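Q: Questions regarding the structure given below will be posed in turn.
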Amino acid sequence: MRHRRKGRVLGRSPSHRKAMFKNLTAALFLTERDASLDDNAPKVKGRIITTLQKAKEVRPNVEKCITLAKKALVAKENAEQFATTAERGSDEYKKWRKSDQWQQWANARAPYVNAQRRVLQLVGDREAVAILFDTIAERYVDRPGGYTRIMRLATPRLGDGGTRAVFELVGGSNDKVKRSSSKPAFEATPEDEAPAENAATEEAAAN
């Protein structure tokens, strides 16, 4: 019996499985990067295609990372009141660095930095962590969970016939926009008015 052994093994050792989940999580976040000058640009932002079993297993990891980043944004906003606009390395910046205001800024920002370090342990990629905190987390501030979506694909994977699925972030360009159709306006055009005028003229001439 598999007591206290939740989750799928996926035919991998624990270390290999943990590394695979980290790579899948980082790959999903990296699709939101600015890839305008990248040769390997993602086709759709916030979407990856993997097997259905892998998507179901990596989903809790992605949801946890987004929750940590979303809750840490409050600390970042609170620290802005103690920040400085001086350029790094300038005399004004050095003066602020030695003041009590910097200590207040550091204390207010501490939960944000702690959240970044915790997410880095779950993802293992610094660029993916930066994209999560700067771009993705702000999108889900008012959303109480459910940040991802799994959609099964009809065509299996070539080779082993594994069930494929789309694993994507909810919101952004992936959601369908509902548009209400507008009632068409049938306005008379000059071409439509000309036959009516000709018919009226012929009727008057006949009388």
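Q: Given the stretch 14-117, what helices (runs of 4 or more DSSP H) lie entirely inside it while holding 1 or more residues that are under 30 Å from Ala154 (Cα atoms), touching an Asp or Glu at 6+ places or on another chain (Cβ under 8 Å) and modelled with pLDDT of 90 or more?
A: Ranges flagged: 14-30.
Q: Can you go through Thr25, Thr31 and tell me which one is free of Cβ contacts under 8 Å to residues at least 24 places away in the same chain, surrounded by 16 or more Cβ atoms within 10 Å (Cβ to Cβ) and closer than 27 Å to Glu138 by Cα?
A: The match here is Thr31.
Q: What is the number of the single condition among (1) of a type outside the set (Val, Ile, Thr); (2) within 15 Å of the chain's Cα centre (by Cα); (3) surrounded by fewer than 16 Cβ atoms within 10 Å (Cβ to Cβ) that Arg88 does not meet?
A: It is condition (2) that Arg88 fails.
Q: Need pairs with beta-carbon distance below 9 Å; first residue within 20 Å of Ala128 (Cα to Cα) and among the aromatic types (Phe, Trp, Tyr) and within the stretch 6-21, second outside any loop (DSSP other than H, G, I, E, B) and open to solvent by less than 80 Å² (accessible area, probe 1.4 Å); sequence gap 6+ or separate chains.
A: Qualifying pairs under 9 Å: Phe21/Lys54; Phe21/Glu57; Phe21/Val58; Phe21/Asn61; Phe21/Leu122.
Q: Considering only the stretch 125-144, how many residues are part of a helix (DSSP H, G or I), more than 21 Å from Met20 (Cβ to Cβ), of a type outside the set (Phe, Trp, Tyr) and out of contact with any Asp or Glu (no Cβ under 8 Å at 6 or more places or on another chain)?
A: Total satisfying the criteria: 5.
Q: Can I ask one more? Would you pick out the residues in the stretch 153-173 that are touching a Lys or Arg at 6+ places or on another chain (Cβ under 6 Å), under 10 Å from Thr51 (Cβ atoms) and not in a loop (DSSP other than H, G, I, E, B)?
A: Result: Arg164, Ala165.
Q: Give me a count of the residues in the stretch 69-82 that are touching a helix residue (DSSP H, G or I) at 6+ places or on another chain (Cβ under 6 Å) and open to solvent by 30 Å² or more (accessible area, probe 1.4 Å).
A: Number of matching residues: 4.
Q: Before we move on, is Arg12 open to solvent by less than 90 Å² (accessible area, probe 1.4 Å) and of a type in the set (Lys, Arg)?
A: Criteria met by Arg12.
Q: While we're here: Scanning the stretch 134-150 for residues that are farther than 25 Å from Ile49 by Cβ and either touching a Phe, Trp or Tyr at 6+ places or on another chain (Cβ under 9 Å) or touching a residue at least 60 places away in the same chain (Cβ under 8 Å) (or both), which turns out most open to solvent (accessible area, probe 1.4 Å)?
A: Among them, the one singled out is Glu138.
The values are calculated or read from the model by the stated rules, or taken from the named source; none is laboratory data. None of the values given here were measured: they were computed from a predicted structure. In this analysis, Cβ positions are derived from the backbone assuming ideal geometry, glycine residues included, and neighbour counts consider all displayed protein chains. Keep in mind that these areas ignore ligands, DNA and RNA; they rest on the heavy atoms of the full protein, side chains included. Shrake-Rupley method; radii C 1.70, N 1.55, O 1.52, S 1.80 Å.
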